[in-house]
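The structure under discussion appears below in the form of structure tokens.
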Amino acid sequence: MKRGVCIAAVVLLLVLVVETTLGATLSRKPPQQTFKETFIARCHQYNGSDCETIWSTFEQAYVGRDPCKIPTDAYNPLFQVAPIETPPDKAMFWSKTKDVVDAYNDKRKCFVTMKDTLLGSVLDDLSWCGKEGSSETFTSDCPDWNYCEDNPVRSFWTQGSTKFAEAAAGDATVMLNGSIATPFDNSSFFAKTEVPNLKYPKVRKLTVVLVTKATPVSTCSNESLDELRRKLGSNIIYECKEVSETRINECASNNNISCTDCW
């Protein structure tokens, strides 16, 4: 009788051990990708060449440095190994219309934004920084975008926007927000970084697509748009079109509408 009790106890113990081990295995979360792994994976997904070299050049811009002292030119070597190239007539800029542009461009591929370049696609929505005395890349406890101007993320996108504007050729397009009082905001990336780098004769024309809702706040006669035209200079042709967000969404979902007929 005692032998039977012992065997039963052993069996019960084994069952408990198996259940505990199996439960722990099933509940264990798969390890998260490191920042480098995410960077490399996205680079390969874009069909980037020599992604390891691009990574090592990228991290040299900020690793081991004060995260509030990363100037835009720290990324110059990065844009040399992964230069931005934009097909003529395809450059698309935006200001306060990111969601509309992304939804349209992800479906139609009519234009190219900074996000659609190799480095833009790799670093979109990511945050990173280094720390003095460390050889690591951190993704938490990094300076907020507006905490200090020369932080790694802001400096990258500032330099990227500059390079993207410099690469634009032919006819360029920008989507601006017609639901606000000042569609062309002098403090925006587009105004401060991109417009000054749109140069004639490389860029011949800029078309403003003023995205409107049911009751537009601004039209193409808005004073801020007059200022945009002045900043472009007299050589670059300026055109403005008021286009409803509904129309843009229709174009995004209908391949029978050509890119040139959306506005």
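Worth pointing out:
- Highest mobility in the GNM of the chain, judged by mean-square fluctuation with C-alpha springs under 10 Å and restricted to G133, G64, G48, is found for G133.
- Taking the DSSP beta bridges with both ends in the chain, the antiparallel portion is around 5 percent.
- Estimated [θ] at 222 nm from DSSP helical runs (n ≥ 4, -39500 (n - 2.57)) normalised by residues in the chain, nearest 500: -12000 deg cm²/dmol
- Accessible heavy-atom area order of W145, W128, highest first, probe of 1.4 Å: W145, W128
- Calculated P(r) tail over 16 Å for segment 200-250, as whole % of Cα pairs: 46
- Over segment 30-253, accessible surface divided per residue gives 49 Å², non-protein components excluded, 1.4 Å probe.
- Taking label positions 7 Å along the Cα-Cβ direction at both V217 and E239, the computed distance is 2.7 nm, reported to one decimal.
- To put it simply, the accessible area of the chain at a 1.4 Å probe is 52 percent carbon and sulfur.
- Net charge dipole size for segment 77-159 [Lys, Arg +1 and Asp, Glu -1 on Cβ; Debye, nearest 20]: 420
- By a 1.4 Å probe calculation restricted to protein chains, C68 has an accessible surface near 40 Å², given to the nearest 10.
- Rg(Cα)/(2.2 N^0.38 Å) for segment 135-263, N = residue count: 1.23
- Segment 30-253: relative contact order as a whole-number percent, Cα under 8 Å and 6+ apart: 22
- Counting every pair of alpha carbons in the chain, the share spaced more than 34 Å apart comes to 34 percent.
- Residue range of the chain that is longest and free of GluC sites (Glu not before Pro) which are both DSSP loop and sparsely packed (at most 14 other C-beta within 10 Å): 150-263
- The peptide list 196-208, 175-187, put in order of mean Cβ contacts within 10 Å with the highest first, becomes 175-187, 196-208.
- Distance between modelled label sites at K36 and K202, nm, 7 Å Cα→Cβ extension: 3.4
- Screening the chain for whole DSSP H helices of 27 Å or more along their axis (Cα) with average Kyte-Doolittle hydropathy at least -1.0 returns 2-27.
- Using a Förster distance of 25 Å, the FRET efficiency for E85-N254 (Cβ separation, nearest 0.05): 0.30
- Point-charge dipole on Cβ atoms (K/R +1, D/E -1) for the chain, about Cα centre, debye to 20: 520
The values are calculated or read from the model by the stated rules, or taken from the named source; none is laboratory data. As the structure is a computational prediction, the values presented were derived from the model and not from experiment. We place every Cβ from the backbone using ideal geometry, glycine too, and count neighbours over all the protein chains shown. Just the protein is used for accessible areas: all its heavy atoms, side chains included, with ligands, DNA and RNA removed. Shrake-Rupley method; radii C 1.70, N 1.55, O 1.52, S 1.80 Å.
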